[in-house]
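A.B. asks: This is the structure I have questions about; it appears just below.
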Amino acid sequence: MDHGSPGGSPGGSPGGSPSGPTGDAAPAAPTGDGREAIEARLARAGLPPLRRTAWIEIDGALLATNLATLRELAGGDLVMPVVKADAYGHGMIPVARILAAAGADMLCVATLDEAIALDDAGVGAPLLVLYPVPPGAVSEVARRGIGIAAGAATMLRDLLAAATREGVGDRLSIELEVETGLGRGGIRPADIVAAARRIGAAGARLAGVWSHLQEAEVEEITAAQVAAYEEALGRLTAAGIAVPRRHLAASAAILLGNVPRYDAVRPGLATYGLLPDELAGAGIDPGDLVPGTARLRPVLSLRARPVRVVDLPTGHGVSYGPTWRAPRPSRIATLPIGYGDGWPRSLSNRAEVLVRGRRVPVVGNVAMDATMIDVSDVPGAPVDIADEVVLIGRDGTAEISAGEVARWRTTNSWEVVTALSARLTRVYDAPAGLTGSRPLAQETP
């Protein structure tokens, strides 16, 4: 019998699982770990209902707690969380507001478009764009008071020339990136004094000097980068040029505690409670990280509720291809999420999800809008459209982390969370209840 699919299914199976609620039964039952259904929580908060039953939940209280933990790990230095790429898929503007309210000293982004969106939203924290901005944008940068970075002599020259033509040089705040070995951007230590003097000659302010580590967990590489960074700072000091803000450590270095903190830190992935994958890859156990790391908790969970649950006979194929056929009478649930949402085809016949705290496999090829799971062995009443499925996150004592999904995909946690599509509604939670939601092309504060 087909549960939750208008018109039924052509493949009902004798000998399948017992029938559950049929058709359009309201999916308002508590979740497998006893949480109240999302529909009821949204209604009580006065928020719009879900437009489909696949969504992301963001725990705002955990996000604020993570920031406080990172501040403690930084020893009281400035904490400048990175909210680029839609806050690593968590929702840039809502996350920025939470972090600003929790006391973030500055918010870092990669592009000027991101900074403008945050400025337009009035997030209430200073902004720093870490990648070079086009010279033609210099007037808008100056008007908005957005901090920018420069990491190549030619780009810096053109930027300052444009600022001079526009008469806004004295309203620019520029941080210099130092090339310490990453090979991606930055000014070499030998050229740093000339770059700083060029900034001063244009009437602009040198606001800071920073760099980015290549492999924070590799002692030899990191030591060489720290030495190069120190060389650049030493050259500036010898030239009598003050550096108001120095920052080198991002997430991995903060958690390893293996580089100087200087004046500030730039946590990215750790802000969201995720540990950099390379630490585990280098055989570094979480217990070997600086004390307090264990208090960082993931703030994102990816959830869905089936739109169809059906009993299929032995040999029935699932999805395009098909690459999976039922080896026995099987109960298959269809989730309304697929590679169009950032849940890619590479997870076909490989990933697992949580149903009532139990792991079940993804079967068949992941489609653009659908993922199928085999729920035949879930104990208790047959799984139906009222059940909530956890693709990333916790369900009772069980958990599927972004890092585990990354290993199935042979990628890293950064890509897993940043790839989650904007068409997945983000729902923001706090101890007092849901505080807002962000459907596609719409945001409620």
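A.B. asks: Would you be able to tell me the number of residues in region 315-347 that are open to solvent by 20 Å² or more (accessible area, probe 1.4 Å), in a loop (DSSP other than H, G, I, E, B) and within 22 Å of Trp414 (Cα to Cα)?
C.D. replies: Number of matching residues: 1.
A.B. asks: Which fully enclosed strands (runs of 3 or more DSSP E) of region 113-214 have 3 or more residues being closer than 24 Å to Ala85 by Cα and not small (Gly, Ala, Ser)?
C.D. replies: Output list reads 127-129, 173-177.
A.B. asks: Name every residue in region 404-419 that is open to solvent by less than 10 Å² (accessible area, probe 1.4 Å) and of a type outside the set (Ser, Thr, Tyr), in order of residue number.
C.D. replies: Val405, Ala406, Val416, Val417
A.B. asks: Against the condition open to solvent by less than 40 Å² (accessible area, probe 1.4 Å) and not in a helix (DSSP H, G or I), how does Val378 come out, does it pass? Walk me through it before giving the result.
C.D. replies: Details: open to solvent by less than 40 Å² (accessible area, probe 1.4 Å): yes; not in a helix (DSSP H, G or I): yes.
Criteria met by Val378.
Residues are listed down the side, and each one gets a yes or a no for (1) in contact (Cβ under 8 Å) with a residue 40 or more places away in the chain; (2) of a type in the set (Val, Ile, Thr); (3) in contact with a Cys (Cβ under 8 Å, 6 or more places away or on another chain):
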{"position": "Asp158", "(1), (2), (3)": "no, no, no"}
{"position": "Ser173", "(1), (2), (3)": "no, no, no"}
{"position": "Glu177", "(1), (2), (3)": "yes, no, no"}
{"position": "Arg197", "(1), (2), (3)": "yes, no, no"}
{"position": "Thr222", "(1), (2), (3)": "no, yes, no"}
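A.B. asks: Go through the residues of region 426-444 one by one and say whether even a single one is surrounded by fewer than 19 Cβ atoms within 10 Å (Cβ to Cβ), of a type in the set (D, E, K, R) and either on the phi < 0 side of the Ramachandran plot or modelled with pLDDT of 95 or more (or both).
C.D. replies: Start the filter on region 426-444 by keeping residues that are surrounded by fewer than 19 Cβ atoms within 10 Å (Cβ to Cβ), which leaves 430-433, 440-444.
Narrowing the set further to residues that are of a type in the set (D, E, K, R) leaves 443.
Retained after the next criterion (residues that are either on the phi < 0 side of the Ramachandran plot or modelled with pLDDT of 95 or more (or both)): 443.
Looking through region 426-444, at least one residue is surrounded by fewer than 19 Cβ atoms within 10 Å (Cβ to Cβ), of a type in the set (D, E, K, R) and either on the phi < 0 side of the Ramachandran plot or modelled with pLDDT of 95 or more (or both).
A.B. asks: In addition: Does Leu248 satisfy the condition of being modelled with pLDDT of 95 or more, crowded, with 20+ Cβ neighbours inside 10 Å and either aliphatic (A, V, I, L, M) or touching a Ser or Thr at 6+ places or on another chain (Cβ under 9 Å) (or both)?
C.D. replies: Here the answer is yes, as Leu248 does meet what is asked.
A.B. asks: Mind checking whether some residue in region 71-86 is basic (Lys, Arg) and within 12 Å of Gly268 (Cα to Cα)?
C.D. replies: Pass one, region 71-86, residues basic (Lys, Arg): 71, 84.
If we keep only those that are within 12 Å of Gly268 (Cα to Cα) too, we end up with 84.
Yes, that holds for at least one residue.
A.B. asks: Residue by residue through region 76-102, note down the ones that are open to solvent by less than 50 Å² (accessible area, probe 1.4 Å), out of contact with any helix residue (DSSP H, G or I) (no Cβ under 7 Å at 6 or more places or on another chain) and assigned to a loop (DSSP other than H, G, I, E, B).
C.D. replies: Selection gives Asp77, Met80, Gly91.
A.B. asks: Can you go through Val265, Val290 and tell me which one is of a type outside the set (Gly, Ala, Ser), farther than 19 Å from Ala406 by Cα and surrounded by fewer than 22 Cβ atoms within 10 Å (Cβ to Cβ)?
C.D. replies: Testing whether each residue is of a type outside the set (Gly, Ala, Ser), farther than 19 Å from Ala406 by Cα and surrounded by fewer than 22 Cβ atoms within 10 Å (Cβ to Cβ) leaves just Val290.
A.B. asks: Oh, and also: Say whether the condition of being in a loop (DSSP other than H, G, I, E, B), out of contact with any helix residue (DSSP H, G or I) (no Cβ under 6 Å at 6 or more places or on another chain), small (Gly, Ala, Ser) and open to solvent by 30 Å² or more (accessible area, probe 1.4 Å) is met by at least one residue in region 215-223.
C.D. replies: The answer is no; no qualifying residue exists.
A.B. asks: Being surrounded by 15 or more Cβ atoms within 10 Å (Cβ to Cβ) and in contact with a Pro (Cβ under 8 Å, 6 or more places away or on another chain) is the requirement here; does Leu176 meet it?
C.D. replies: no
The values are calculated or read from the model by the stated rules, or taken from the named source; none is laboratory data. A quick note: this is a predicted structure, and the numbers were derived from the prediction, not measured. As a convention, Cβ positions derive from the backbone with ideal geometry for all residues, glycine included, and neighbour counts pool all protein chains shown. Keep in mind that these areas ignore ligands, DNA and RNA; they rest on the heavy atoms of the full protein, side chains included. Shrake-Rupley method; radii C 1.70, N 1.55, O 1.52, S 1.80 Å.
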